[in-house]
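I have placed the structure first, in the form of structure tokens, so that the comments after it can refer back to it.
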Amino acid sequence: MLSLSRLREFLKEQSKNYRVLLLRGVVASFLSQLSANFNNLYIIELGASPVQLGGIRSIGSAVSAFFSIPAGWLSDVYSVKKILIFGMFIQILSIAFYAFAQNWLWIIIAVILQTLTMTLVWRIQSIIIANSLSDRERATGYGFRTTLIQLFSIFAPTIGGILVSLFGGISVEGIRPLYYIQLLGFIIISIYVALSLEDIRFRAETAARSILSDFRDLFSIGHGLKRFAILQALGSITWGLAMPFPFIYAAEFKRADSLIIGYMGTFSTLISTVLALPLGSLADSKGRKFTIYLTRPFFYGSFLLLVLSPPNNPYLLILAWILRGVMMASNAWMTLSMELVPPEYRGRWTGMTSLLQNLARIPAMLLGGYIYQYVNPDLVFILPIFIDLFVRIPILRTVPETLKKE
């Protein structure tokens, strides 16, 4: 584990772009965590059913899938700064639609814009950060970023829960003020990034090549890429089934109020903050896959505890999200993904995997909404465990470890 003095030294050694995006990550995460636990509840309060909620999320994934390949290609051959600025502008528009939504139909546009933001902003940040860190310290660098971001976000979910309670509880008007705060905050931090970030280009001389030609090259330069791409798609199925529903489920079946939902997010972030650096160091010493295997049982336990906890027992709900925080603390999966390909191919690689993930997420979210509303809501949390344990983990065992031990 790194000492505090070594962490300060590590930060000073990093590029300006790493530090700029680190600050953006801190601010953006705090603002996002204010409402993260209430986003789907807000959509339901605006009048959407669980099936319609799944449909909304599926539409967003479809749009993201459409733009994944060209966005990934552009990330490798065009100005990453311009792409990032465009993505941040789209993010501000998305928040504005949430803030001023009059019914759930407004959220369709908001979610489309939100998924475009993930396609552009998240990808560009990941590429810049991955290329700013050495192979020897990449997982530790991700862990440092995760720790600092989450350190400042620990109390954001609880603050969000308190604000919702003050403005009337779980309702449209109780949740809406969170988006007003987000809108102002993201405008300010986006202007800072646009003025401070230094532009980089990876392959300007090859910009004239066709997208298809570039992507044909992609799968010829690494071992296990096709299997890992399948893993990413299967991961979207597991998350797509459950992702829209945990806090709706907690409020509807476990009688959780806005404060309990806020506490769930805070304790999850707290445990992720505490464990991010140790797990990052572990991934740099023992291996990326070793760390993934170590944290998966906590993912399974979080969903099982959510389902099995009796109503009106907030402590078990909080414990379930503490277990989830252990799994979320690890950046080993992201590190493994980025290291499977050379730096100049990372944009196209994330574009390809994002395409497959979004295509898989479309039917998964629709199916999740149908199961939640018409079959048994417990199943949207149980099925992902079986898919991950009996399908994804066996495939992961065949993917090469990327840690190069000296």
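Some points to look at:
- Only Cα pairs under 8 Å and 6+ residues apart enter the sum, and on that basis the relative contact order of region 272-344 stands at 46 percent.
- Taking the helices alone, the chain has a mean residue ellipticity at 222 nm of -24500 deg cm²/dmol, built from -39,500 (n - 2.57) per DSSP H run of at least 4 residues and averaged over all its residues.
- For the chain, the equivalent ellipsoid derived from the alpha-carbon gyration tensor has semi-axes of 31, 24, 23 Å in decreasing order.
- Relative packing of peptides 263-276, 177-190, 306-319 - highest average C-beta neighbours within 10 Å first: 263-276, 177-190, 306-319
- GNM top mover of Leu21, Leu383, Leu31 - the chain, alpha-carbon springs below 10 Å: Leu383
- Estimated vicinal HN-Hα couplings, Hz - region 280-285 in sequence order (Karplus 6.51, -1.76, 1.60; Gly, Pro = x): x, 5, 5, 5, 7, 10
- The overall shape of region 310-393, judged from the alpha-carbon gyration tensor, is oblate: a/c is not under 1.5, and a/b is no greater than b/c.
- Pairs of Lys residues in the chain that lie 8 or more places apart, or on two chains, and have C-alpha atoms under 19 angstrom apart add up to 7.
- Near Gly301: Cβ cut-off under 13 Å, other residues only, Lys/Arg at +1 and Asp/Glu at -1. The net charge is +1.
- Cβ-based charge dipole, region 215-369, positive-most Cα from Leu306, Pro244, Leu234: Leu234
- As a proxy for reagent exposure, Val27, Val164 were ordered by neighbouring Cβ count within 10 angstrom, fewest first; the result is Val27, Val164.
Just so you know, all these numbers are worked out from the coordinates, no wet-lab data involved. Predicted model, so just to flag it, every value in this text is computed and none were measured. Neighbour counts run over all protein chains shown; Cβ positions are idealised from the backbone, glycine included.
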